[in-house]
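The values are calculated or read from the model by the stated rules, or taken from the named source; none is laboratory data. Only a predicted model underlies this, so the values are computations on that prediction, with no experimental measurement involved. All Cβ positions, even for glycine, are placed from backbone atoms using ideal geometry, and neighbour counts span all protein chains on display.
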Amino acid sequence: MPDLYFPVHPEQSARLGSPNGVRVREDTLYTNHKGQEKRGIRKRADKAIDKLQEVLRKALGPEEVALYITRCQAPASAFEQLTFGWYIYYVTATMLVFTNRRLLLFQVKRDGSWKRILRAVVWGDVEEAKVKGWLSRTLRIKYRNGKKETYWGLGWGDAKKIRVLLEARFSLGAAETSAAGAIIPLCPNCLAELTLQVYECHNCKLTFKDEKTMVRRSLLIPGGGYFYVGYWFLGIADFIVEAYLLVVLLVFVVAAVSLMMSPQSGQAGATSGEAWGFGIFIGLLLAVEKLLTIHHCRRFIREFIPKE
C-alpha cells in the first residue's frame, strides 16, 4: 500500500489538506526545495488545482495524494519544434502532478484548463528520472520497458523541487508496477487504460478522433486535418497556404496546356515546358505541405482526442 506520509523535507512533518476537494500534502505542495512555504507557490498551486479539480478528484485513488503540481512542455522532437515554431509551446503545454503513487500528466490549454487528455505512470514503471540542464531545465524519464521521454520548459524553482521529490520517492525502494511498464493514456471519462491506435474506450465506449478520418480530411480539404483535431489557428494558416498553392498550381497547369495548344511553335514549346516545370515544383510543395499536416495531426490523434 502506498505511503501517504513518507518523508520529503526533514524539517516538515506530513500535513494533509484538501483544497477544492483534492487530497494533497500541503508540506510539499506549497513549499520550495528547502521545505519553506512560499505565498507565490501556494497561489500558483491553488490556481492550477482549481483548473483541474474535477478530474483530479476523480483520478486520485483512495490512498493517493498530490505532492506537487507544475507546468511544463510535453516531449517533442527537434523536427516538431522546428516546424511548429512558437506554437509548440501551445500544443505541448502539460501540467505535471506528482503523487505518492504516480506521475499524472494533463494536457492543458493556454489558460491552464484541461484538454481532456490524460496520461499516467506508476512509480514502479519509472526506471530512472533525472532533472537535467541549467539554462534549459528538463525532466528525463526512462521507463521500465526501455522507452525514454524528455519533458522540457521547467521553471528553475520547479526543477529543484522535482529533484527533491524524486530523491524522496525513489528512496522508498520498490513500488507497484503495471503490465505496460511505461506511461499509458487514460480515458478522460472513466480513467480506464486506452490501447494505442484503438480509438474507443473498452470500458465506457467513449470514442476518439481517428487517423483514417484525419488523413482523408488532410488530403481533401486545405487545413482539414488541423480543423479535425481542433487546432483552428493551425488550420486557418494551413488553409491559406494550401489554397494559395492550389491556385498557383492551377494557373501554371492552365498556362502550360494553353501554350501546348497554341499554333505557334518553337518559343511557345519552350515556354510550355517551363510552365510545366513550375507546375510540378508547386505540386511538390503542396505534397510536402500535406505530408507535414498529416505528421503533425497524427501526433495529436495518438494523444486521444475525445469526439464531442
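Can you find, within the stretch 150-164, the residue that is farthest from R102 (Cα to Cα) among those that are buried (at least 18 other Cβ atoms within 10 Å of the Cβ) and not basic (K, R)?
Applying the filter and picking the extreme gives G153.
Among the residues of the stretch 114-145, write down those that are of a type in the set (G, A, S) and either surrounded by 18 or more Cβ atoms within 10 Å (Cβ to Cβ) or in contact with a strand residue (DSSP E or B) (Cβ under 9 Å, 6 or more places away or on another chain) (or both).
A120, A129, G133, S136
Could you list, in sequence order, the residues of the stretch 213-229 that are assigned to a helix (DSSP H, G or I) and hydrophobic (A, V, I, L, M, F, W, C)?
M214, V215, L219, L220, F227, V229
Tally up the residues in the stretch 191-209 that are out of contact with any Lys or Arg (no Cβ under 9 Å at 6 or more places or on another chain), of a type outside the set (S, T, Y) and in a loop (DSSP other than H, G, I, E, B), please.
8
Can you tell me which residue within the stretch 11-38, out of those that are under 15 Å from R169 (Cβ atoms) and surrounded by fewer than 19 Cβ atoms within 10 Å (Cβ to Cβ), is modelled with the highest pLDDT?
H33
The rows are residues; the columns are (1) out of contact with any Ser or Thr (no Cβ under 8 Å at 6 or more places or on another chain); (2) in the same structural domain as V55 (by TED's automatic domain parsing); (3) among the small types (G, A, S); (4) closer than 13 Å to E64 by Cβ.
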position: P7; (1), (2), (3), (4): yes, no, no, no
position: E11; (1), (2), (3), (4): yes, no, no, no
position: G21; (1), (2), (3), (4): yes, yes, yes, no
position: E26; (1), (2), (3), (4): yes, yes, no, no
position: K43; (1), (2), (3), (4): yes, yes, no, no
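Scan the stretch 1-10 and tell me whether some residue there is within 24 Å of P188 (Cβ to Cβ) and surrounded by 13 or more Cβ atoms within 10 Å (Cβ to Cβ).
Checking the stretch 1-10: at least one residue is within 24 Å of P188 (Cβ to Cβ) and surrounded by 13 or more Cβ atoms within 10 Å (Cβ to Cβ).
This table checks each residue for (1) more than 20 Å from F300 (Cα to Cα); (2) touching a Leu at 6+ places or on another chain (Cβ under 7 Å); (3) in the same structural domain as R144 (by TED's automatic domain parsing); (4) without any contact (Cβ under 8 Å) to a residue 60 or more places away in the chain.
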| residue | (1), (2), (3), (4) |
| --- | --- |
| A179 | yes, no, yes, yes |
| N203 | yes, no, no, yes |
| L249 | yes, yes, no, yes |
| V254 | yes, no, no, yes |
| G277 | yes, no, no, yes |
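Out of V253, V215, V248, V198, I need the residue that is surrounded by fewer than 18 Cβ atoms within 10 Å (Cβ to Cβ) and modelled with pLDDT of 95 or more. Which one?
V198
Looking for something among the basic types (K, R) and closer than 23 Å to R298 by Cβ - is there at least one such residue anywhere in the stretch 138-159?
Within the stretch 138-159, one or more residues are among the basic types (K, R) and closer than 23 Å to R298 by Cβ.
Return the total of residues in the stretch 224-260 being among the small types (G, A, S) and out of contact with any Lys or Arg (no Cβ under 9 Å at 6 or more places or on another chain).
So the answer is 6.
What number of residues within the stretch 146-177 satisfy the criterion of being part of a loop (DSSP other than H, G, I, E, B), in contact (Cβ under 8 Å) with a residue 24 or more places away in the chain and polar (S, T, N, Q)?
Matching residues across the stretch 146-177 total 1.
Please return the ranges of helices (runs of 4 or more DSSP H) entirely within the stretch 39-113 where 1 or more residues are aliphatic (A, V, I, L, M) and either surrounded by 18 or more Cβ atoms within 10 Å (Cβ to Cβ) or touching a residue at least 12 places away in the same chain (Cβ under 8 Å) (or both).
Filter on the stretch 39-113 gives 39-59, 88-91.
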